[in-house]
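Have a look at the structure below before the remarks.
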Amino acid sequence: MRADTGGTVLAALPDADGLAPLPLVRLLQLASPALPIGAYSYSQGLEWAVEDGSLRDAATAQAWIGDVLECVIAPGEAAVAWRLLVAARRSEWTRFANWNAWFRASRETAELRAETEQTGGSLAKLALDLDLLDAPARAALPVLAPITLPAAYSLAARGFAVPVEAALVAYVWTWLENQVLAAVKLVPLGQVAGQRLLTVLGAAIPRVVATATTLADDDLSTFAPGLALASARHETQYTRLFRS
């Protein structure tokens, strides 16, 4: 006899990790490339690395993206996103505003700052349009302007009632997917090679999340001179597919 799979039953069934189907659906929506915030249009210096010849095949793409993931995203952007997710869930708005300002100040180039402000502003507007923000979150918005991407993402995750650790995993995955897709277009790489990169580099995400969630506040860092130089040089690159 088949079990009842009606909507009421399904809505109450958690998956193996305790994430119920509806929050999982909302998490997939937040992590979807279809999210209309324009994140796909930025390469974060990767396009210049291709132009320079530093990134020329699947192996060098894996090295470049993997190094940024481990050395910049883990102790920097993911660690800030974790603090923002927790602060949003707890309605700690002063702490939330401080980490939003910290992340914006950590952007080393005009390109990186424009990216986080443009995508963050687009996501915040989308969250408002979808009625995801309750009164306390709406009241916090004026203090946050210009809002960064991890801050806007955290507000959307709060509105969708997505568990904070799952939300962080999806945030890092979205960054990784965008970088791999940029490499697929620019090197160029085949689709299978791109999926292979996602498989290999995606295996590092649990370690990235562990680092981001256990670092002390004073140990956060986005220091990456090579990445900053690549981003700055991309701003004046003669031929570009990606925004700067």
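Data table
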quantity	calculated
Potential lengthening between Q195 and S41 on full extension [0.36 nm per residue; Cα-Cα distance subtracted]	53.5 nm
Carbon + sulfur, % of accessible area of the chain - ligands and nucleic acids excluded, 1.4 Å	59
Whole-angstrom gap from segment 180-244 to segment 50-120, using each part's C-alpha centre	9
D131, D57, D67, reordered so the largest accessible area comes first (probe 1.4 Å)	D131, D67, D57
Pair A203, L28: separation of 7 Å Cα→Cβ label points (nm)	2.5
Surface/4 estimate of mean projected area, convex hull on alpha-carbon atoms of the chain, nm²	14.5
The chain, helix-only ellipticity at 222 nm - DSSP H runs n ≥ 4, -39,500 (n - 2.57), divided by all residues, nearest 500	-20500 deg cm²/dmol
Heavy-atom accessible area per residue - segment 150-210, 1.4 Å, Å²	37
Rg(Cα)/(2.2 N^0.38 Å) for segment 85-165, N = residue count	1.01
Theoretical FRET efficiency, 1/(1+(r/R0)^6), r = Cβ-Cβ of S54 and W173, R0 25 Å, to 0.05	0.55
Pairwise FRET efficiency - E235 versus D129, Cβ, R0 = 30 Å, nearest 0.05	0.45
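The values are calculated or read from the model by the stated rules, or taken from the named source; none is laboratory data. Here the structure is a predicted model, which is why all the values come from computation and not from measurement. Using ideal geometry, Cβ is built from the backbone for each residue, glycine included, and neighbour counts are taken over all protein chains shown. Keep in mind that these areas ignore ligands, DNA and RNA; they rest on the heavy atoms of the full protein, side chains included. Shrake-Rupley method; radii C 1.70, N 1.55, O 1.52, S 1.80 Å.
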